[in-house]
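Step one of this worksheet: look at the structure below.
The values are calculated or read from the model by the stated rules, or taken from the named source; none is laboratory data. These numbers were taken from a predicted model, which means no experiment stands behind them. FYI the Cβ positions are ideal-geometry reconstructions off the backbone, even for glycines, and counts take in every protein chain you see.
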Amino acid sequence: MRPVGFSTSPNLVLRLPMWRSRLMLFLLFFVFMLLLIRAFWIQGPGNAFYEAKGIRGTQRELELPASRGKILDRNGQVIATSLEAKSVIAYNDTVPDDLAADKVKKLASLLQMSESELRKKLSEDRKQIFLKRQVEPAVAQQIKQLEIPGIGLNNEYRRFYPEGEAMAHVVGFTNVEDRGQEGMELSRENELAGHPGQRRVVVDRLGRVVDEMAILQLPQNGKDLNLSIDSKIQYLAYNAVKDAVEKHHAKAGGAVVLDTQTGEILALANYPSYNPNDRKYLTGEQLRNRVLTDTFEPGSTMKPFTIAIALEKGAIKPDSNMVIGAKYLIGPKPITDTHPYDSLTVAQVIQKSSNIGTAKIAMNNLSAEEMWDFYTAVGFGQAPKIGFPGAVAGTVHPFKKWMPTDQARIAFGYGISASLFQVARAYTVFARDGELVPLTIERSPEFKPGTRVLSAKTAIEMRTMLETVTEPGGTAIKAQAEGFRVGGKTGTAHKLVGKGYGNKYRAYFAGLAPISAPRIVVAVMIDEPTGGSHYGGDVAAPVFSTIVSETLNTLNVLPDSKVKQMVLQDKNPDEIRTANVQTQHVVLKR
Amino acid sequence: MNRATLTLLALLLICALSLVAAQQRARKLFIAQERAQIEERKLNQDWLRLEYEQRNLSKSARIRDVALKQLRMSPISPERTLYLKEAK
């Protein structure tokens, strides 16, 4: 038996079982390993998620605003510009959930929405949300002063059109996203649009930018656009059309003014119009640019072209005499004139606007092909290439389909269709001694060579005949403009209603001035005049007269007709020229 | 610790402090730059706004109205105009 020591009683010896300590060791090791693996995961492969979460809290991508280009008229006057407006954005992960009720109330009233609507927007599960766009700067300032975390203001632009109604159809307008919807805003969208940039920034708890990480994209401002339109001429043309439409209780009206030397469009007016500054009115009929998008039968304004072909061929001369009579039987319905004539010279056919005379000239001297060729050469049946949305081509049916009755009627402008703009363009042929001028709506004030479609002799002969239209005995004495010799052609066309011609008319006048050296072509259309006369010579010619005299005065064109001077008959111009401004005044007043 | 270690420690401290100072300075400059940019944009906008206002005051409709009603002017007509030719 083994002796047992007093102090070493086997009963007192505590012996831990080895497995327990090993288990503990293993467990501790295991937990530490887990932590280590987790740490490794967070630092290594799983890092992206946490990094993104960190960035979400402190970094933000902000837009660098780019402005849309301005639209300017030919004199550099602003006709469309973008001014800053603010958009209110909520960063929903930063906006505190327990936002004070009075702040919500104030914000809602500033944004002009109900509290419940605002709360609904703020609780949406989106990183950022637009609360309101294009807010007035003053309101934006008040929102900023509320100092609500996570409510930010972003810069935006809103478009303003200082000329309002007068220029509406030319410039068009943009939508709330600042994209062009109509007119030049639409057709030149690519050049005008700005391309916003983007940058990444670090923000603090209150959403203030404290550092910039990177510029992701540089902003690019839109280019300015210089139009050929003169706002002054545009305004007076618009006013003249508006007055005439109101005076004659008409449905609508339009006018176009072209510079014959440079091919620039100086004015393009439509009535009824709309105010592009007010979004409420940006729908419906008044948006139509009738000058370019409405086609009509040009009626008598077509006659000079038909007669010009016969003159060019040498088949007739301005003083050739011809028998007219009361009726011209061709096809099922005879052709008649408003006033019957026994005989007229070719020049008088134009002056009196004889349908029978024109039809006879066409049927006796011209083939359908010759007529079709010339009409097409002066731009009928083709959409004008001026980069305007919705410009129409009109119709000139293929000559092979023309029956003799068609040919006779097309000769005086029925059975084909064109826009007012096309008619105006075609008249540049007479203004430019037989050349058709390429037209542009962008400013380019240099002389443009044209395409010759007539000899200069024929064009000048036709100009002389067109002048007689505005002289006593002609159909448009009211087209006369003070101080300037003018020429042109009236047109009164029955409107097609359903399948036949109803009791509605369109009155036009297309002409040029001054006759001695034509500088402008003006075409006027008044749709459905109802009060009294519906003739082009009574309704449209006075508009032409107003536009011509005011435009030529604006362009500083010297009068070419004799005017009775009311001042200074006996003064020597040298005396005035050498006097200083104040004395000039006195000299002029005397 | 020997002298070299102490020197290095001091250098390290100076570097660390200057780093903090530089960062502070960078942040201040950044804020100043941001402010200047905002100011630039604001001035630019003011200019555009003024240009728009000037345009609004000088638009044809207003000029016509003022000329006819307030100043009692009448449109020019050739019979009351003396045309001077430029001296050659």
Task: Answer from A:Leu258, A:Leu268, A:Leu282, A:Leu292 - the residue that is in contact (Cβ under 8 Å) with a residue 12 or more places away in the chain, farther than 13 Å from A:Ile526 by Cα, of a type in the set (A, V, I, L, M, F, W, C) and surrounded by fewer than 24 Cβ atoms within 10 Å (Cβ to Cβ) - done: A:Leu282
- [ ] State all residues of the stretch B:59-80 that are facing another protein chain (nearest Cβ under 8 Å) and in a loop (DSSP other than H, G, I, E, B); if no residue qualifies, say none.
- [x] B:Lys59, B:Pro75, B:Ile76, B:Ser77
Task: Top-ranked residue of the stretch B:38-58 - restricted to ones that are closer than 30 Å to A:Arg200 by Cα and facing chain A (nearest Cβ under 7 Å), ranked as surrounded by the fewest Cβ atoms within 10 Å (Cβ to Cβ) - done: B:Arg49
TODO: Take the stretch A:133-149 and flag every residue that is buried (at least 18 other Cβ atoms within 10 Å of the Cβ) and under 25 Å from A:Arg56 (Cα atoms).
DONE: A:Ile143, A:Ile148
Task: Only listed residue being within 14 Å of chain A (Cβ to nearest Cβ) and surrounded by 11 or more Cβ atoms within 10 Å (Cβ to Cβ), chosen from B:Arg27, B:Arg35 - done: B:Arg27
Open item on the list: Looking at the stretch A:15-34, can you tell me whether even one residue there is in a loop (DSSP other than H, G, I, E, B) and under 30 Å from A:Glu212 (Cα atoms)?
Closed with: no
Task: Lone qualifier among A:Glu177, A:Glu182, A:Glu189 - being within 18 Å of A:Ala85 (Cα to Cα), out of contact with any Lys or Arg (no Cβ under 6 Å at 6 or more places or on another chain) and acidic (Asp, Glu) - done: A:Glu177
Task: Options A:Val78, A:Val13: the member that is surrounded by 12 or more Cβ atoms within 10 Å (Cβ to Cβ) and β-branched (Val, Ile, Thr) - done: A:Val78
Open item on the list: Looking at the stretch A:400-411, I want the residues that are within 16 Å of A:Asp337 (Cα to Cα) and crowded, with 23+ Cβ neighbours inside 10 Å and have a partner that is at pLDDT 90 or above and β-branched (Val, Ile, Thr) with Cβ atoms under 6 Å, at least 6 apart or on another chain. Which pairs are those?
Closed with: A:Ile410/A:Ile416; A:Ala411/A:Thr306; A:Ala411/A:Thr358
- [ ] Name the residue, out of A:Met167, A:Met184, that is in a helix (DSSP H, G or I) and more than 14 Å from chain B (Cβ to nearest Cβ).
- [x] A:Met184
